[in-house]
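S.K.: This is the structure I want to talk about, given as structure tokens.
The values are calculated or read from the model by the stated rules, or taken from the named source; none is laboratory data. None of the values given here were measured: they were computed from a predicted structure. Ideal geometry is used to build each Cβ from the backbone, glycine not excepted, and the neighbour counts take in all protein chains shown. All accessible areas refer to the heavy atoms of the entire protein, side chains included, with ligands and DNA or RNA removed. Shrake-Rupley method; radii C 1.70, N 1.55, O 1.52, S 1.80 Å.
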Amino acid sequence: QLAMDFPSEDIFLITASPVIKAVTNFKQVSKTLEEFDVEEQPSSLLEKRYPNIRVIQSGVKQLKSDEHKVLTEDGKEYIYEKLCLCAGAKPKLILEGNPYVLGIRDTDSAEAFQKNLAQAERIVVVGNGGIALELVYEIQGCEVIWAIKDKAIGNTFFDAGAAEFLIPKLTAEDRETPIECKRTKYTMEGSDEKERPVAAPDKPGSALGPDWHEGLDLKGTKEFSHKVHIEILCEVKKIHSQQEFLQLQQTSLTFPKEDKDAEPDKVLWPVYVELTNGKIYGCNFIVSATGVMPNVKPFLDGNDFAVGEDGGLKVDKHMHTSLPDTYAAGDICTASWEPSPVWHQMRLWTQARQMGWYAAKCMAADTLGEPIEMDFCFELFAHVTKFFNYKVVVLGKYNAQGLGLDHELMLRCTKGQEYVKVVMQNGRMVGAVLIGETDLEETFENLILNQMDLSAYGEDLLNPDIDIEDYFD
């Protein structure tokens, strides 16, 4: 966006990664909903398209904001007029530095996971967000113990009702064949797999795209297709090595069978997980999918940034940080303006793309001394994704975020087909979850945006015999 707004200025993209992520197959689904793929491309493609962009492959060592200077790890320094920090977030690992604990956030860690899984008979997955959901659904031929701190799966995106709707898909033995993934994957020129530079664990690569698990062969060693056991309302209390476990003289459990309690396990595992509910399971390795934290560390030293409660750099409604000429966008920032009543920040690809585009617009407006309006994409929270092969759309305060008890829910559910939930407040729609091919997203988006009083329709709002789309067209 900057390259288009300022075709004669030099624009430097400093990145620690050898490839860049590009948005492809972009599709505006409705006013606020957008679908796209994320593709890894060699940086030369970007430089070819925009001759005023230069990609510098190096990590950032230090930011000297008072001197408008960025020092890179390769010993060079770059002076800037305006700077935008888009360094994303890094995975919150349940335990740093343990070879049996893998975090999954970028392409390198996904590949490491795939290699480990090929030899695995049982893994423990910890976490309840998007990556954990996808992972547990995709893994085959390996026992999965899934530890979640909530009552129901996927609580970042769903409520317990939606989780109930999805669970049969998770335990079904036969799978639909997933649609072939069309996006191309790039590797470094002339490098075979074995030579590919692997990012050091403390160097986060670029975040995974929305369809990251496609094209990865997520198979363990066992013959069966799918075995998942969910341990709810618990967290990891301690991780024991094989030796520590033997000294504990405790019993670990086998994989629980239906309607039976798990029995003591005779197998010796490389690593053991003790959960806060008192159970101990042995496994080949543990996947930590417990969310991310803003990657602010390289920039804080010597700079007086205002930092949000979630650890991100605070930005105002022009994506300005608290330092002059310094902006931030995506996972690294914390939106600190007064948000629209039906928008909230969530560290997702869609928001990162929108914030990046809008930050460039703000940088341009500030440079040219022009006023700028807040972009429409911040009016309504809207996200479309896929879980368990279902299309999933979440709109507004879809989980009644911040509404306290002052709201009511309406539901419609057809087992194995669709799940529709709307969040109502004072007769107006403020949020919705749509799972399956419901075709209601545009109608609901309009109803949330125009805050029409729907009390007159009562329960009929979700009556499948009434074609609500025609009604509100």
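S.K.: Of all residues in segment 10-29, count the ones that are open to solvent by 80 Å² or more (accessible area, probe 1.4 Å) and among the charged types (D, E, K, R).
M.R.: 2
S.K.: Being touching a residue at least 40 places away in the same chain (Cβ under 8 Å) and of a type outside the set (S, T, N, Q) is the filter here, so list the residues in segment 50-65 that pass it.
M.R.: Y50, I53, R54, V55, I56, G59, V60, K61, L63, K64
S.K.: Residues in segment 141-148: is at least one farther than 19 Å from Y272 by Cα and surrounded by fewer than 24 Cβ atoms within 10 Å (Cβ to Cβ)?
M.R.: Yes, some residue in segment 141-148 is farther than 19 Å from Y272 by Cα and surrounded by fewer than 24 Cβ atoms within 10 Å (Cβ to Cβ).
S.K.: I've got another one for you. Starting from segment 345-373, take each residue that is among the β-branched types (V, I, T) and list its partners that are part of a helix (DSSP H, G or I), counting only C-beta distances under 7 angstrom and pairs at least six apart or across chains.
M.R.: Cβ pairs passing all conditions: I372/K361; I372/C362; I372/A365.
S.K.: Filter segment 376-423 down to the residues that are more than 18 Å from the chain's Cα centre (by Cα), surrounded by 19 or more Cβ atoms within 10 Å (Cβ to Cβ), of a type in the set (A, V, I, L, M, F, W, C) and modelled with pLDDT of 90 or more and list them by number.
M.R.: Hits for segment 376-423 are C377, F378, L380, V420, V422, V423.
S.K.: Give me the strands (runs of 3 or more DSSP E) completely within segment 89-199, filtered to those with at least 2 residues that are at pLDDT 80 or above, under 28 Å from S241 (Cβ atoms) and of a type outside the set (V, I, T), ordered by residue number.
M.R.: Once the strands (runs of 3 or more DSSP E) in segment 89-199 are filtered for at least 2 residues that are at pLDDT 80 or above, under 28 Å from S241 (Cβ atoms) and of a type outside the set (V, I, T), what remains is 89-91, 101-103, 143-147.
S.K.: Here's something else I'd like to know. Is it the case that V296 is of a type in the set (A, V, I, L, M), surrounded by 14 or more Cβ atoms within 10 Å (Cβ to Cβ) and either on the phi < 0 side of the Ramachandran plot or not assigned by the TED database to the domain that holds V124 (or both)?
M.R.: Criteria met by V296.
S.K.: Restricting attention to segment 366-398, report how many residues are polar (S, T, N, Q) and in the same structural domain as L83 (by the TED database).
M.R.: Matching residues across segment 366-398 total 1.
S.K.: Further question: Can you name the number of the only condition in (1) touching a residue at least 40 places away in the same chain (Cβ under 8 Å); (2) assigned to a helix (DSSP H, G or I); (3) surrounded by fewer than 22 Cβ atoms within 10 Å (Cβ to Cβ) that H318 fails?
M.R.: Here H318 clears every test but (2).
S.K.: For the list (1) in contact with a strand residue (DSSP E or B) (Cβ under 7 Å, 6 or more places away or on another chain); (2) at pLDDT below 95, I need the number of the one condition that A359 fails.
M.R.: All conditions are met except number (2).
S.K.: Being at pLDDT 70 or above and in contact with a Cys (Cβ under 6 Å, 6 or more places away or on another chain), is that true of even one residue in segment 222-243?
M.R.: No, every residue in segment 222-243 fails to be at pLDDT 70 or above and in contact with a Cys (Cβ under 6 Å, 6 or more places away or on another chain).
S.K.: For segment 19-78, list the strands (runs of 3 or more DSSP E) that sit wholly inside it and hold at least 1 residues that are farther than 21 Å from N303 by Cβ; which are they?
M.R.: The strands (runs of 3 or more DSSP E) meeting that bar are 19-28, 34-42, 53-57.
S.K.: Further question: Please pick out the residue among M429, M424 that is over 16 Å from L33 (Cβ atoms), not aromatic (F, W, Y) and not assigned by the TED database to the domain that holds D159.
M.R.: Only one candidate qualifies: M424.
S.K.: Mind checking which pairs have a first residue in segment 20-35 that is farther than 17 Å from L440 by Cβ and a second that is of a type in the set (F, W, Y) and assigned to a strand (DSSP E or B), Cβ under 6 Å, 6 or more apart or different chains?
M.R.: V23/F36; N25/F36; F26/F36
S.K.: Still on this structure, I have one more. Scan segment 30-45 for residues that are open to solvent by 40 Å² or more (accessible area, probe 1.4 Å) and either within 22 Å of Y327 (Cβ to Cβ) or charged (D, E, K, R) (or both) and jot them down.
M.R.: K31, E35, D37
S.K.: How many residues are touching a helix residue (DSSP H, G or I) at 6+ places or on another chain (Cβ under 9 Å), more than 25 Å from N450 (Cα to Cα), open to solvent by 10 Å² or more (accessible area, probe 1.4 Å) and hydroxyl-bearing (S, T, Y) if we restrict to segment 322-367?
M.R.: So the count comes out to 1.
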